[in-house]
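Quick note: the coordinates plus some simple rules give every number you see, no bench work behind them. All values reported here derive from a predicted model rather than from experimental measurement. Ideal geometry is used to build each Cβ from the backbone, glycine not excepted, and the neighbour counts take in all protein chains shown.
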Amino acid sequence: MSDALSRPDRQAVRGIGYGGDYNPEQWPESTWAQDVRLMTEAGVNLVTVGVFSWSRLQPAPGELTAGWLDRVLDLLGAAGIGVDLGTGTASPPPWLVAAHPEILPVTADGRRLAPGARQHYCPSAPAFRAAAVDLADRMARRYAGHPAVVMWHVSNEYGCHVPACYCELSAAAFRAWLRERYGELGALNEAWGGAVWSQDYTSWDQVQPPRTAPTYANPAQQLDFARFSSGELLACYLAEREAIAAQAQHAPVTTNFMGFFRSLDQFRWAADLDVVAVDSYPDPADTEAHLLSAMTCDLTRSVARLAGSPGRPWVLMEQAPNAVNWRAVNVPKAPGQYRALSLQAVARGGDAVLSFQWRAAAAGAEKFHSGMLPHAGTDSRTWREVTELGADLGRLAPVAGAAVRAEAALLHDWESWWALEADSHPRQLHLVELLRAFYRPLFEAGVTVDFAHPESSLSAYRLVVVPALYLVSDAAAENVRRFALDGGTVLISFFSGIVDPRERIRLGGYPAPWRELLGLRVEEFAPLPSGAVVRLDGVPGAARGRAGGGTREDTRGGAGGGTRGGAGGGTRGTEAGGAGRVWQDVIGLRGAEPLFRYAEGHLAGQPAVTRHPYGRGEAFYLGTLPDRATLRGLVAQACGRAGIEFRTDVPPGVEMVRRGDHLFVISHLDQPVELDLGGKSLDLLTSDIVGPAAVLGPRGALVLTARD
Ligand code: GLA
Ligand code: GLA
């Protein structure tokens, strides 16, 4: 477990943390001893308590009715189970709403949301903030010294149901935020393009949140409101964190993120989290569930990295042990899928694997959500998988704390995401789908990637991929340019580098900050209708040299062998044709070499994909979204140029990722798969020597000790 959770003065979480949300207040006290006994049986060593306990902890203002929680913590502590203690502030109790109805949030179209579910608060409402801080303060005073408490869990999934509030209190706070940002109204009018559609403000009081308007709300106003709203939730977190720190100075504090959740700029939150935690709920009905959850893991590790400690482990705070209850159809996890996705989290840097929730609820909104202990009890598939996973995670103790190092990065920025998906653009684009398109070939080739902030240091990487990074600051633009200048390989897609942080176009031909780097100029956009495809012709003989010669020899050694191909063997070269979707840029070459040209339509014969040497590195540009095989070939080629091993021998559906001295090989397939491991290795899960040939059963896994 990461240092933060293994301090000597309290319950230590040894090895990999395992457990879930524990809501004992939903059950008679007589079940608690059984819970703890079964937790021990399952290998549970970490549980989250109190996240939704406000009404039980504080039935009335100004008190803390915590005797029950004392007994729960004592029971857990006596069993050696660490507690991630919730501040309990994610669902305001009815008495608070009755006393302060103004805390209820308001939607963009002016509807005030009612209580009756959860998260019914406006983050800018002073009465909510005061009540939340009061509860956090009382909890911290009472439990700061409790030996079972290893970590504090502020609120829950900030923004999940209510990412932004549009009430008058929020409007006033938004105005104050804007005054701070712009100083003068003239600067705001300039940034927001006040001359367009007669929107110049003459007094701060006239400025409003981007409420539902007759047509598109001003996109710069929308962008600033997204920044503001993420910041208001962060302010809520910080206020509670401060209350905890006042009582327990060194206690690690966290809150749970939701992966690629659009409304929260996790990179801005990162520095204020001692432990970065994520909730991951891939849909078992999605055949690429494992790919999306891998992206979530890699993003979470990247958030932790931005907080200043590369390789810092993170926590999978929630996942479902089996089905959820909140989709239209809630497909169960396949046998072994809970294990495979849990091992994936560990492989990608997770030091704890927790679920929502320990015991499946008997009442309320989540009674059909799976629990580690299902309604059926211990004679159930879920329970057997839960206990087996506990044993597996116990064997992975040597992996805890080890770093995952990525040689490639996909640039990601929440501000750009907010701006990209505004409603007044050449075409609707969905960032996560684009990220997934570029992530897929890297994942399939066993290339581990970070999601790096565009202004963060890129020196650890050899390849930087820039998918539709629509908004870039000057610093970010320079960062990418310098990366290539110093020898890095960059691969930039269409609709990148278009606007500055004020959401104003960078003029003179796109992408203005990177025209020299790319050796081209995009004159205009020609997006493709949904479902439309444009044929692409590969340019014969393009981009030979190192790319054709395959990849760098794997000098790190290690388990897993087989064929290690470069752009050849199994990936398509540029001489073959392909197809583009989604977008077309109208590209004028200024030194770049075309790799693909449009083969039809009014852009026939014009460049679609290019490459340009720059400084000691080079830059690829994609003016369209190539089909999977073509994109795979291009990414393989870019990896080849960057000197990154791009494996072509990993069977589809099998994941390979290295953490510290171990190589995780995880099958996400329903059927057995044969592998060539390139030699013999010790499998940490079974203590068996395996290889060179191995067969992985359905959703089987190996954790191999590297042979350096
Ligand atoms: C309408 C409006 C114009 C402009 C165009 C854009 O015609 O009158 O102001 O918005 O749409 O197509
Ligand atoms: C979220 C919440 C949990 C629970 C789960 C159910 O992750 O944080 O409280 O509602 O969803 O999937």
Along Cα→Cβ, 7 Å out, is where each label goes; now give me the distance between the ones at residue 29 and residue 367 in nm to one decimal. 2.5 nm
Kindly work out what percent of the DSSP beta bridges joining two residues of the chain are antiparallel, to the nearest 5. 50 percent
Ratio Rg/Rh, restricted to the chain and using Cα atoms, in which Rh is the Kirkwood radius: 0.98
Run through region 596-704 and list the trypsin sites (Lys or Arg not before Pro) located in a DSSP loop whose Cβ has at most 13 other Cβ atoms within 10 Å. 616, 680
Give me the number: length gained by fully extending residue 535 to residue 687, i.e. 0.36 nm times residue separation minus the C-alpha to C-alpha distance, one decimal in nm. 49.6 nm
Between residue 355 and residues 5 or more places away or on another chain, which pairs have amide H atoms under 5 Å apart, with H built 1.01 Å from N, and which residues are they? 19, 20, 21, 319
Find how much the distance from residue 325 to residue 181 grows on full extension, using 0.36 nm per residue of separation minus their present alpha carbon separation; answer in nm with one decimal. 47.6 nm
Sticking with the crude label model, points 7 Å out along Cα→Cβ, report the distance from residue 204 to residue 271 in nm, one decimal please. 2.4 nm
For the residue 397, residue 213 Cβ pair and Förster radius 51 Å, calculated FRET efficiency rounded to 0.05 is 0.35
For the pair residue 674 and residue 250, how long in nm is the line joining their label points, each one 7 Å along Cα→Cβ? 5.6 nm
Once the other residues with Cβ under 10 Å from the Cβ of residue 331 are scored (Lys, Arg +1; Asp, Glu -1), what is the net sum? 0
Span from the region 252-303 Cα centroid across to the region 633-663 one, whole angstrom: 23 Å
Within region 390-426, find all residues whose amide N lies under 17 Å from a label point positioned 7 Å from the Cα of residue 661 along Cα-to-beta-carbon. 395-405
Net +/- balance of residues flanking residue 369 in space, Cβ distance below 12 Å, scoring K and R +1, D and E -1: 0
With 10 Å bins from 0: P(r) over region 665-708, alpha-carbon pairs, percent: 30, 58, 11, 0
Per the rule of 0.36 nm per residue minus the C-alpha distance, extending residue 63 to residue 427 adds in nm 125.6 nm
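Would you calculate a helix-derived [θ] at 222 nm for the chain, using -39,500 (n - 2.57) for each DSSP H run of n ≥ 4 and dividing by the full residue count, to the nearest 500?
-9000 deg cm²/dmol
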Taking Rh as the Kirkwood radius, which is the inverse of the mean 1/r over Cα pairs, what is the Rg/Rh value for region 219-306? 1.04
Loop sites in region 21-93: GluC sites (Glu not before Pro), DSSP, at most 11 other Cβ within 10 Å: 63
On a C-alpha basis, how far is the centre of region 127-174 from the centre of region 346-417 in Å? Whole number, if you could? 24 Å
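Can you list the chymotrypsin sites (Phe, Trp or Tyr not before Pro) in region 144-221 that are in a DSSP coil and have 14 or fewer other beta carbons within 10 angstrom?
Counting only loop positions with at most 14 other Cβ atoms within 10 Å, the chymotrypsin sites (Phe, Trp or Tyr not before Pro) in region 144-221 are 197, 216.
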